2 protein chains.
Amino acid sequence: MAAAPLSPMVGSGADTKRASPISAVLVTNGDVDHVAGLLTLREKQAFTLYGTEGVLGIIADNPVYSVLDPACVTRVPVLKGQAFVPVPGLDVEIFPVPGKVPLYLESDAVDIGAEGDMTVGVRLTAHGRTAYYIPGCAFVPEHLAKRVSGGDVLLFDGTVFEDDEMARAGVGAKTGRRMGHMPINGDGGSLHAFDGLGIKDRVYIHINNTNPILVTGSPERGIIEAAGWRVAHDGMEIWP
Amino acid sequence: MAAAPLSPMVGSGADTKRASPISAVLVTNGDVDHVAGLLTLREKQAFTLYGTEGVLGIIADNPVYSVLDPACVTRVPVLKGQAFVPVPGLDVEIFPVPGKVPLYLESDAVDIGAEGDMTVGVRLTAHGRTAYYIPGCAFVPEHLAKRVSGGDVLLFDGTVFEDDEMARAGVGAKTGRRMGHMPINGDGGSLHAFDGLGIKDRVYIHINNTNPILVTGSPERGIIEAAGWRVAHDGMEIWP
């Protein structure tokens, strides 16, 4: 996730004509879908890169990320529970969620649902409103339900609708849970995991291309909408 | 660069429903604009990855590329001067061109114009016709001019029109030559470096966004067209 600045970017040696308006990036996970985009932000673009020590360690272990010139990009480790202000007016805090290590670092014994610093959620507070961003979550423990209670917006892991939909579609052997993603539907799904917690707006993000909620008018879209969820889309504004 | 298969892809455990038609990829350089796209070809897509030992070594040094599952993606080192057939009917050979190491591996003393296995050109022969693909080249030594003589198509490094255009545009301090890319115009430029060699079609590729040849109708576009060059574009067919 990335934050646009509230003031013009002032970079040391930055390419201000071709630079993006992004002044801060927070990576919550070391998987390729979270870190590959950093390569697109290369060269001479000034921003601050925030992440857990674990995720920044993964990035440091890949020399290709040296294209993020240290003269322009400062890497700042953030600790769970210690709020920080990446851009004026935006208060951010990370917290652990059940996940797993990135796919490309998996060993034979993968601890699905481990809470460490490889998979985290984010609290974002601005103008007195709070959003929670949780793109990967293996299940919802009580401490997580309690944490997001009363939030204005919950952006939550909508990878698969059914746990076994990838196998059923013939595109892979893994279940959602094996990938560290709880399904939307079925026992222990996310569909009703946040009911009654006073969350004003619930939005599915991180949606796999096998997930039928992507199809407007599908029965599954109807099911999630009836349960109070929306489907995220490019350009969506969460605080209209 | 990537090659489409002439026969249906048969992958071991490959995801045939979501896979691309790409069955072979040859990387000619370890810079991010050459290797970042491999991450997009991840997961359970079967293809063969060809490259020099140097470039494949760079990829091996970055754990993030483990997303290219060894069960699906075979990495095959290729040697200069030893032709290979990545897909039936396509004969390919790599050859050294003056270049440099990737930006993110630069040390204090960068040997611009070094010929090693970090920057190579490619000969592609199919249906009796031959194309040369050279996306990065610091200058044109005699052996290179001789090699591409009589080719049907030359796809050549068109990064910058003027050596100092990035500084003049205010987007960077480096010259084209410092980046290992000879300019099109001026002394020692590529514009006339291949004149009189009997090459039927000359096409600029790898064009930086400061290069005015990208603008239809620009004086610089007129200059290269008058000299017998074309500008590559997405979807271009080189053998109509």
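For A:Ala71, are the conditions met, namely being touching a residue at least 24 places away in the same chain (Cβ under 8 Å), open to solvent by less than 30 Å² (accessible area, probe 1.4 Å), on the phi < 0 side of the Ramachandran plot and not polar (S, T, N, Q)?
The answer is no for A:Ala71.
In segment A:97-117, which residue that is over 17 Å from the mean Cα position of the chain (by Cα) and not in a helix (DSSP H, G or I) is nearest to the other protein chains (Cβ to nearest Cβ)? Break it down into steps so the answer makes sense when it comes.
Step one: list which residues in segment A:97-117 are over 17 Å from the mean Cα position of the chain (by Cα), which gives A:104-112.
Filter once more, keeping what is not in a helix (DSSP H, G or I): A:106-112.
Working: A:Glu106: 9, A:Ser107: 12, A:Asp108: 14, A:Ala109: 17, A:Val110: 14, A:Asp111: 18, A:Ile112: 18 Å.
In this case the residue turns out to be A:Glu106.
Residue-wise test of (1) among the hydroxyl-bearing types (Ser, Thr, Tyr); (2) touching a Leu at 6+ places or on another chain (Cβ under 8 Å); (3) open to solvent by 40 Å² or more (accessible area, probe 1.4 Å); (4) free of Cβ contacts under 8 Å to residues at least 60 places away in the same chain.
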residue: B:Ala114; (1), (2), (3), (4): no, no, no, yes
residue: B:Met118; (1), (2), (3), (4): no, no, yes, no
residue: B:Arg129; (1), (2), (3), (4): no, no, yes, no
residue: B:Cys137; (1), (2), (3), (4): no, yes, no, yes
residue: B:His143; (1), (2), (3), (4): no, no, yes, yes
residue: B:Val153; (1), (2), (3), (4): no, no, no, no
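Please state which one of A:His206, A:His233 is under 22 Å from the mean Cα position of the chain (by Cα) and in contact (Cβ under 8 Å) with a residue 24 or more places away in the chain. Walk me through how you get there before you give the answer.
Numbers: A:His233 fails: in contact (Cβ under 8 Å) with a residue 24 or more places away in the chain.
Exactly one residue qualifies, and that residue is A:His206.
Taking the condition modelled with pLDDT under 90, within 14 Å of chain B (Cβ to nearest Cβ) and over 21 Å from the mean Cα position of the chain (by Cα), does A:Gly11 pass? If you could, list the steps in order and put the result at the bottom.
Working: modelled with pLDDT under 90: yes; within 14 Å of chain B (Cβ to nearest Cβ): yes; over 21 Å from the mean Cα position of the chain (by Cα): yes.
Yes, satisfied.
Output the residue which, of all residues in segment A:167-207 that are among the polar types (S, T, N, Q) and under 21 Å from A:Val153 (Cα atoms), is surrounded by the fewest Cβ atoms within 10 Å (Cβ to Cβ).
Across segment A:167-207, the extreme among qualifying residues is A:Asn185.
Which pairs have Cβ atoms under 6 Å, sit 6 or more apart or on different chains, and link a residue in segment A:161-175 that is at the interface with chain B (Cβ under 8 Å from one of its Cβ atoms) and in contact (Cβ under 8 Å) with a residue 40 or more places away in the chain to one that is open to solvent by less than 40 Å² (accessible area, probe 1.4 Å) and part of a loop (DSSP other than H, G, I, E, B)?
From segment A:161-175, the pairs are A:Ala169/A:Thr210.
Anything in segment B:56-92 that is of a type in the set (D, E, K, R) and either under 16 Å from B:Gly30 (Cα atoms) or away from chain A (no Cβ under 14 Å) (or both)? List them, or say none. Step through it out loud before you land on a result.
First, the residues of segment B:56-92 that are of a type in the set (D, E, K, R): B:61, B:69, B:75, B:80, B:91.
The answer is B:Asp61, B:Arg75, B:Lys80, B:Asp91.
The values are calculated or read from the model by the stated rules, or taken from the named source; none is laboratory data. Source: prediction; values computed, not measured. Quick reminder, even Gly has a Cβ in these numbers, built from the backbone with ideal geometry, and neighbours come from all protein chains shown. All accessible areas refer to the heavy atoms of the entire protein, side chains included, with ligands and DNA or RNA removed. Shrake-Rupley method; radii C 1.70, N 1.55, O 1.52, S 1.80 Å.
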